[in-house]
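The structure appears right after this line, and notes come after that.
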Amino acid sequence: MRLTVLPTADLGRDGIRGLRALLDAAFPADADGTGGFDDASFDHALGGVHVLAGPVQDPVGHAAVVGRRLLHDGVALRTGYVEAVAVRPGLQGGGLGGLLMAEVDRIVRGGYRLGALGAAARAARLYRRLGWEPWRGPLAALTPDGIVDTPDERGSVHVLPVDAPLDPTRALVCDWRDGELW
């Protein structure tokens, strides 16, 4: 399947709507209305580059790479943070996620010191198979109240080292944002 890489600015209004429809379909809310792909999560996926499978206005697969700064051992690392990896229901499990992530790998390795993502349990095996490593050390977030530990994220944050020396005994600290921090 042909993949297209575009910055958010080139998606256009119809592309943004098509992307939101894909993400809502791929991450449905639970029966009680919880979960799903909320507005803050959608906002996290914008502002970087998008890897799309299918037509821009009606994609069947997507992954975004957005720039973030992660702090590690006193160094602010230029990080390609992966957001909103999704495949349309009915096409999941057929290898499209791997194709999307291969292009993400190229983008991260070509422009960042580190790749990182927060993985849902059902997707973690795919990321590990593609060379992403679960972060074994402490996790924290730089918040308006200072650096706050985020131990609940342990095991879900994965990294793709590019050229940054990493010491897993030291904390990996994400920058502040609304919604889910990782």
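The values are calculated or read from the model by the stated rules, or taken from the named source; none is laboratory data. Because the structure is predicted, anything quoted here is derived from the model rather than measured. All Cβ positions, even for glycine, are placed from backbone atoms using ideal geometry, and neighbour counts span all protein chains on display. Only protein heavy atoms, including side chains, enter the accessible area calculation; ligands, DNA and RNA are left aside. Shrake-Rupley method; radii C 1.70, N 1.55, O 1.52, S 1.80 Å.
On the accessible surface of the chain, probed at 1.4 Å, how many percent belong to carbon and sulfur atoms?
That share works out to 51 percent.
What does the charge count around Gly54 come to, taking other residues whose C-beta lies under 10 Å from its C-beta (Lys +1, Arg +1, Asp -1, Glu -1)? All intermediate terms of the calculation are to be shown ahead of the outcome.
Working: positive: Arg2, Arg88; negative: Asp58.
Taking every other residue near Gly54 into account, the sum is +1.
Using 17 Å as the cut-off for backbone N distance, which residues of region 147-170 belong to the label zone defined by a point 7 Å from the Cα of Arg69 along Cα→Cβ?
Residues passing the 17 Å test: 147-148.
Could you work out the percent of alpha carbon pairs in the chain separated by over 26 Å, rounded to a whole number? Kindly include the intermediate steps, with their values, before the conclusion.
Values: 4505 of 16471 pairs.
Roughly 27 percent, rounded to a whole number.
Pairs of alpha-carbon atoms within less than 8 angstrom and 6+ residues apart define the contacts here; what relative contact order does the chain have, in percent? Spell out each step's value before the answer.
Numbers: 354 pairs, mean separation 35.6, N = 182.
After rounding, I find 20 percent.
Over region 121-174, what is the relative contact order in whole percent, taking alpha-carbon pairs under 8 Å and six or more residues apart?
43 percent
Calculate, for Arg170 and Arg109, the FRET efficiency according to 1/(1 + (r/R0)^6) with r their C-beta to C-beta distance and R0 22 Å; round to the nearest 0.05. Could you put the intermediate results ahead of the total?
Working: r = 23 Å, r/R0 = 1.04.
With a Förster radius of 22 Å, E is 0.45.
Enter the accessible area per residue of the chain (Å², integer; probe 1.4 Å; all protein chains in place). Please report the intermediate quantities before stating the final value.
Working: 9210 Å² over 182 residues.
Using a 1.4 Å probe on heavy atoms only, each residue of the chain averages 51 Å².
May I ask you to order 168-180, 50-62 by the average number of other C-beta atoms within 10 Å around their residues, highest value first? Write down the numbers at each step before the final one.
Working: 168-180: 15.5, 50-62: 20.7.
So the peptides 168-180, 50-62, ranked by packing, come out 50-62, 168-180.
Tell me, what ³J(HN,Hα) does each residue in region 69-75 have, in order and in whole Hz, if you take phi through Karplus 6.51 cos²θ - 1.76 cosθ + 1.60 with θ = phi - 60° and put x for Gly and Pro?
So the Karplus estimates, Gly and Pro as x, are 10, 10, 9, 8, 6, x, 10 Hz.
Only helical DSSP H runs with n ≥ 4 go in: add -39500 (n - 2.57) per run for the chain, normalise by residue count and round the 222 nm mean residue ellipticity to 500 deg cm²/dmol.
-8000 deg cm²/dmol
So, in nm, how far is label Ser41 from label Glu180 when the simple model puts each one 7 Å beyond its Cα toward the Cβ?
Here the modelled spin labels are 0.5 nm apart.
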